[in-house]
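Written below as structure tokens is the structure these notes are about.
The values are calculated or read from the model by the stated rules, or taken from the named source; none is laboratory data. Only a predicted model underlies this, so the values are computations on that prediction, with no experimental measurement involved. Cβ placement follows ideal geometry from the backbone for every residue including glycine, while neighbour counts extend to all protein chains displayed.
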Amino acid sequence: MDSNALHYLIRTKCTTALRSTLHWKRFGIGCLPWLLLALPDAARAQWVDDFDTINPAWVTDRYEPAAFQSAPFLGDNRLQITVDQTGSTANRPPAYSSSFFNTQGRQRPGEILGDWSLSAEVYVPSSANTTTGQLMRTDLWVHTGTMVSNGAYAVIGFTNASPLTPLDPTAPDRSFRFQVFDGTASEPDHWVDVGVPSGFTFDTWHTLEASDTGIAFEYRLDGVVVFSDPTGLGANLQTAFIEAYNFGQTGTGLDSYSVYWDHAVAAVPEPAMAALALGIATLSLYVLRRCNGWGSGKLKPPQG
């Protein structure tokens, strides 16, 4: 397509659409700032999952939990993850007997290159606030990089298990807390206790978020930064995970539990979106210039 044909297409197609939907003749270019202000929030998400159904992009990670399903909870469909004795160490096939497979959930492609953020809402029940009852843990995970063999992991979640002997329901150091993963070569299973925020309440939704700043993993709880972990391996949201942990706990009412998640969002951080908005503004001004015949006279349709 030559430049005259392109200009004609912009003029005939864009002018009709813009003027019919935005009443361009009436409001003029004053509409443009409002249009641009609306773009960043709408455009920043790479994907959003409200779990009204389970997107087939979610596939088993490590070991399939007893349930990973969309289920009604508190007036809407949510993600329900259930672990029970069918997936415990004692009942899994021999090939899956390692504690590695106690982590049970699903993963999906992250689909973001460069800096990213991943957030989701988790319901924290008062039943998790126990040091003698049901062991419970659930997490939001990220794997960065471009291949399974590279990158790093960012993890944030809550638990009420002992940090030293997590499979022991009678451990004296059990406590409810949020935690982030901070594994190193010397301590590959190291977690950092970030406690609970001021004014925290049970039996409600809380938003967990991990993001890459270019120099660190940054973790937020309800929008507040609770931990920053320096890393040079944070670029590219390769994979997102939502997990629960199967402690293999037995006893009446203690052999299964469910956790609920909602509104998972993989997004490009705002600084990158600001650059995108600037690019859109430049392009929009170009389109308006061409649509309204600004500059070097009126445009002509193609001549042949």
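Counting only strands (runs of 3 or more DSSP E) that sit completely within segment 195-251, those holding 2 or more residues that are aromatic (Phe, Trp, Tyr) and in contact (Cβ under 8 Å) with a residue 60 or more places away in the chain correspond to 216-221, 237-245. Only one entry of Val259, Val225 meets the criterion of being under 20 Å from the mean Cα position of the chain (by Cα), loosely packed, with under 14 Cβ neighbours inside 10 Å and modelled with pLDDT of 95 or more, and that entry is Val225. Quickly run through segment 126-179 and pick out the residues that are under 17 Å from Ser258 (Cα atoms) and either among the charged types (D, E, K, R) or outside the structural domain of Ile112 (by TED's automatic domain parsing) (or both). Of everything in segment 126-179, those that are under 17 Å from Ser258 (Cα atoms) and either among the charged types (D, E, K, R) or outside the structural domain of Ile112 (by TED's automatic domain parsing) (or both) turn out to be Arg137, Asp139.
Yes or no, residue by residue, for (1) β-branched (Val, Ile, Thr); (2) in contact (Cβ under 8 Å) with a residue 24 or more places away in the chain; (3) more than 30 Å from Ile215 (Cα to Cα):
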position: Ser88; (1), (2), (3): no, yes, yes
position: Pro93; (1), (2), (3): no, no, yes
position: Gly105; (1), (2), (3): no, yes, no
position: Pro109; (1), (2), (3): no, yes, no
position: Leu113; (1), (2), (3): no, yes, no
position: Val122; (1), (2), (3): yes, yes, no
position: Asp139; (1), (2), (3): no, yes, no
position: Pro169; (1), (2), (3): no, yes, yes
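Taking the stated definitions as given, is Asn55 under 25 Å from Leu118 (Cβ atoms) and either at pLDDT below 95 or part of a loop (DSSP other than H, G, I, E, B) (or both)? The answer is yes for Asn55.
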